[in-house]
Amino acid sequence: MEAFAKYYLSLAHRNDLAGGCAMTTLSPEVARASPEMREAYEAKMTRFADLVADGLAGGSQDKHRSRAWAMLGVATGGLTMARAVQTRGIAEEIAEAIKGAAVKIAGPTQDCSG
């Protein structure tokens with residue numbers, strides 16, 4: 001989770017508006033889209049949350065999924081804010097705060113080293 005948060009809020013990813021995470025700009029647009037588009041978005045986001053939840057440890061699967069949704073919401077919101085501010089120092093401050101918050105919200109993770 002720390003590696004993901006470090007990458008996701010990195011300067012390179014923040015600056016990669018064409019190839020980086022589209023959730024920061026796509027989500028508000030989908031909210032205004034057709035029911036079919038919203039359904040497709042929901043399916044993809046649910047799958048993404050489930051993938052994150054599968055990597056979490058401690059507690060029930062329901063708790064894992066809840067932590068996954070919270071982490072994803074904090075990370076995408078933080079990326080949106082860091083991309084939107086003018087001053088690089090403020091963007092770094094936001095990114096650092098969000099990295100720590102996302103990791104803390106996610107909580108314990110599965111050991112993937114073996």
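Residue by residue, here is whether (1) within 17 Å of Gly20 (Cβ to Cβ); (2) among the hydrophobic types (A, V, I, L, M, F, W, C); (3) part of a helix (DSSP H, G or I) holds:
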residue	(1), (2), (3)
Ala70	no, yes, yes
Gly78	yes, no, yes
Arg83	yes, no, yes
Gln86	no, no, no
Gly89	no, no, yes
Ala95	yes, yes, yes
Ile98	yes, yes, yes
Val103	no, yes, yes
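Within segment 1-41, if we keep just the residues that are surrounded by 12 or more Cβ atoms within 10 Å (Cβ to Cβ) and of a type in the set (Phe, Trp, Tyr), the residue that is farthest from Lys99 (Cα to Cα) turns out to be Tyr41.
Evaluated against (1) assigned to a loop (DSSP other than H, G, I, E, B); (2) more than 14 Å from Met1 (Cβ to Cβ), Asp111 falls short on exactly one condition, (2). Output yes when any residue across segment 59-80 is under 16 Å from Glu2 (Cα atoms), exposed (fewer than 13 other Cβ atoms within 10 Å of the Cβ), small (Gly, Ala, Ser) and touching a residue at least 12 places away in the same chain (Cβ under 8 Å), and no when none is. Checking segment 59-80: not a single residue is under 16 Å from Glu2 (Cα atoms), exposed (fewer than 13 other Cβ atoms within 10 Å of the Cβ), small (Gly, Ala, Ser) and touching a residue at least 12 places away in the same chain (Cβ under 8 Å). Within segment 9-18, not a single residue is within 27 Å of Glu93 (Cβ to Cβ), in contact with a helix residue (DSSP H, G or I) (Cβ under 6 Å, 6 or more places away or on another chain), among the small types (Gly, Ala, Ser) and modelled with pLDDT under 90.
The values are calculated or read from the model by the stated rules, or taken from the named source; none is laboratory data. These numbers were taken from a predicted model, which means no experiment stands behind them. All Cβ positions, even for glycine, are placed from backbone atoms using ideal geometry, and neighbour counts span all protein chains on display.
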